[in-house]
Amino acid sequence: MLRQIEGSRGIAEGVALCRPQVICAYPITPQTHIVEGLGEMVKTGGLPACEFINVESEFAALSVAIGSSAAGVRTYTATSSQGLLFMAEAVYNASGLGLPIVMTIGNRAIGAPINIWNDHSDAMSMRDAGWIQLYAETNQEALDLHVQAFRLAEELSCPVMVCMDGFILTHAYERIDVPSQQDVDAYLPPFEPRQVLDPAEPVTIGAMVGPEAFTEVRYLAHHKQLRALDRIPQLAAEFAARFGRESGGLIRPYRTEGAETIVVALGSVNGTVQEVVDEMRADGVAIGSVGITSFRPFPLAALRAVLAGARRVVVLEKCLAVGLGGIVSDGVRKSLSGIALNGYTVIAGLGGRAITRSSLRRLFDDAGRDALAQVTFLDLNTDLIEHELEREGSARRSGPTAEALLRRLGSVSSRIG
Amino acid sequence: MAMQTVKFYQTGTFTVGNRLLAPHERSVQAEAQRANALTSGHRACQGCGEALGARYAIDAAMRATGDRIVAVNATGCLEVFSTPYPETSWQVPWIHSLFGNAAAVASGVAAAMRMKGRDDVRVIAQGGDGGTTDIGFGCLSGMFERNDDVLYICYDNEAYMNTGVQRSSATPPAARTATTPAMGAEPGNVFGTGKNVPLIAVAHQIPYVATASVANLRDLEYKVTRAMGFRGARYLHIHVPCPLGWGSAPADTIRVARLAVESGLYPLFEAINGEIASSTPIRRRVPVTDYLRLQKRFAHLFAPGGEARVAHIQAIADRNVVRFDLVREPA
């Protein structure tokens, strides 16, 4: 049913349709509205047969989820930013144990400096934790990905993160088609665990494993993700057949036919990128874009097939590998092994800075002239940087950096532009 | 003619073991049918108090629940010595996740069991003192305040033994550990530090809190059984000597544990809904030196100049005796 609702509300309703039986909640902006919505549904009977547990930390949230998943019930939680880092140890543990938990990440920057706005630093920090990571472009897709995520997670016995941009998606009101319970039930069978804590059939889960088998356990986790490379497109196709819309899959190419320049990005910024692509195509520029939906497993072959014919690739990243440049770029370049083309990394949208059409147009024009540095920071305030470097060079006790930058900027309210 | 009541201690008090007791009064460990939840072949050290305590506790819980137990284990000696592939020693469904989250994982298992309509399956979380009083304390407190239906058992051997005997917040004053060496002006662990997690558990006003000792099997089994009679959060703190870390003889594990109780350093009590409900009286009180002398971790106390610190430890025991009413006049 089509409804005009907040993204978080849509996710809450979508998750509820998946009939989770344990939901663990700990508040952190910007994922809070999702679990608030679910808590309300559990209280009012909209989500029957579900325990909603208010825990004392994100570490506990995922730990409770580990317990309930290992005991054989469908389990969900959500977090963001610092919360994901605080549960980091449990993030690795859940995948190591092969527990099909689904977790929403309302993507948000990581401090310091503390910042509640959107970028992908949080989820990217856990990219190698053994979870499947899916990035939503729209709120509709975010909802749909959750339905697919439970199916994928439980089939493979592997946890899945559904990543959606904090505020940009979580707090945006837009039209969402909330599927019917009947359709979701038909798509998502009841959870049949591979391993379960049951007194009738005692098993030991989480034993100590030495060098004799550790590599094999790890390899099998990798193997699961390689299988996911096949299953993700199949599940998306099956989803499209039942629900009548395209959601999920590994990647989403947009106007890449004959494109000399292809922009690669994750998440909601793809919408803006596509608008700029349309604008530039209208001007006769051969440009296209690719959204990566599945970041883990990383779709090397699918990307290669789309990017191989281009002359240059611009990877637009909402995260930064400090001391290196891009995180997504690494994978993109690996997908292009042996192919000579120009690759550019653009760090954009950190801590909620808006990625505007005009900035992207300038950026893509520069890319088209191959006038970009290998690593570019979009809309970097270079005056501010130079002044601060000079100030730090002039005195040993220069004080805290972030505060100095703010002082220099003067009295402005937090602005996204 | 004056009459004198004669008391036959043998039949009233378990002192001669099981022979004079009716079958239903015998200890779980005396039963041929005991679960033997932590079975033989594990890799614990000789004289390990924790291995013994865990088997006592889980076997008692198995009897109390008709063998419907799921155990959640924190990282630590118990997890390491009992599970190296493929030799699990656990005869119960058992999961180990992390060092600091056993209480939370147990909450999750309990929630799942409720959702599956399997309230009959009871959940036990267990860990050492490090996993309980330090790194797992946040999750423990959270499980308590939510009153989740979990019995948490702490096997307290008073330091991080698995990593090589480092101080924890359960390490007693003066004890030598690898991070509180017996050197300098104040050898061993400093006085006036540490936390009493059983009393902190009581402060959460959970249904049931008790302390037990691996030296007092019947009391331990009674407390596990009693704990399984409650719903909600329960906490059992079991004192388990570690020959390796304490520098005591493996054959002396029970003796050392008993002296901890009899000296007053380790009071045995029960608390219900936030109130201390009972304590186990000491029948034959001993000075703390009887307990301390058997352990190399306290050897520095018996070098010249250690008297004041021994007196300080004796004062701690004296305070426990008063606080928990441990020495009572015969009726």
Q) Would segment A:45-53 turn up any residue that is over 19 Å from the mean Cα position of the chain (by Cα), assigned by TED's automatic domain parsing to the domain that holds residue A:109 and without any contact (Cβ under 8 Å) to a residue 12 or more places away in the chain? A) yes
Q. Of all the residues that make up segment A:285-331, how many are within 18 Å of residue A:355 (Cβ to Cβ) and aliphatic (A, V, I, L, M)?
A. 10
Q. Of the residues in segment B:278-300, how many are small (Gly, Ala, Ser) and either in a helix (DSSP H, G or I) or surrounded by 15 or more Cβ atoms within 10 Å (Cβ to Cβ) (or both)?
A. 2
Q.
Regarding segment B:50-66, can at least one residue be identified that is at positive phi and modelled with pLDDT of 95 or more?
A. yes
(Q) For segment B:132-146, give me each residue that is of a type in the set (S, T, N, Q) and at the interface with chain A (Cβ under 8 Å from one of its Cβ atoms). (A) B:141
**Q.** Subset of segment B:147-161 [among the β-branched types (Val, Ile, Thr) and more than 10 Å from every other protein chain (Cβ to nearest Cβ)]
**A.** B:153
Q: Please enumerate the residues belonging to segment B:107-117 that are at the interface with chain A (Cβ under 8 Å from one of its Cβ atoms), free of Cβ contacts under 8 Å to residues at least 24 places away in the same chain and not aliphatic (A, V, I, L, M).
A: B:108, B:116
Q. Applying the selection to segment B:122-143, what residues are hydrophobic (A, V, I, L, M, F, W, C) and surrounded by fewer than 24 Cβ atoms within 10 Å (Cβ to Cβ)?
A. B:135, B:137
Q) All but one of (1) exposed (fewer than 15 other Cβ atoms within 10 Å of the Cβ); (2) closer than 27 Å to residue B:203 by Cβ; (3) of a type in the set (A, V, I, L, M, F, W, C) hold for residue B:303; which doesn't? A) (2)
Q) Is it the case that some residue within segment A:1-18 is within 10 Å of chain B (Cβ to nearest Cβ), under 23 Å from residue A:141 (Cβ atoms), assigned to a loop (DSSP other than H, G, I, E, B) and in contact (Cβ under 8 Å) with a residue 24 or more places away in the chain? A) no
Q: Sort out for me the strands (runs of 3 or more DSSP E) sitting completely within segment A:47-114 that have 3 or more residues that are within 14 Å of chain B (Cβ to nearest Cβ).
A: A:51-54, A:75-79
Q) If we scan segment A:210-219, do we find a residue that is within 20 Å of the chain's Cα centre (by Cα) and at pLDDT 95 or above? A) no
Q | Filtered residues of segment A:185-221 (kept if away from chain B (no Cβ under 11 Å) and of a type in the set (Ser, Thr, Tyr)) | A | A:187, A:215, A:219
Q: Identify all residues within segment A:246-260 that are closer than 28 Å to residue A:220 by Cα and in a loop (DSSP other than H, G, I, E, B); write none if there are none.
A: A:247, A:248, A:249, A:250
Q: Select from segment A:229-261 the residues that are among the aliphatic types (A, V, I, L, M) and in contact with a helix residue (DSSP H, G or I) (Cβ under 6 Å, 6 or more places away or on another chain) and write down the one among them that is nearest to residue A:276 (Cα to Cα).
A: A:251
Q: Test residue B:120 against the stated conditions and say whether it is within 17 Å of residue A:66 (Cα to Cα) and either over 21 Å from the mean Cα position of the chain (by Cα) or within 12 Å of chain A (Cβ to nearest Cβ) (or both).
A: no
**Q.** Residue within segment A:350-360 that is surrounded by 11 or more Cβ atoms within 10 Å (Cβ to Cβ), free of Cβ contacts under 8 Å to residues at least 40 places away in the same chain and under 21 Å from residue A:298 (Cβ atoms) present
**A.** no
Q | Count of segment A:359-382 residues which are charged (D, E, K, R) and assigned to a loop (DSSP other than H, G, I, E, B) | A | 3
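The values are calculated or read from the model by the stated rules, or taken from the named source; none is laboratory data. Source: prediction; values computed, not measured. With ideal geometry, Cβ positions are generated from the backbone for all residues, glycine too; neighbour counts draw on all protein chains shown.
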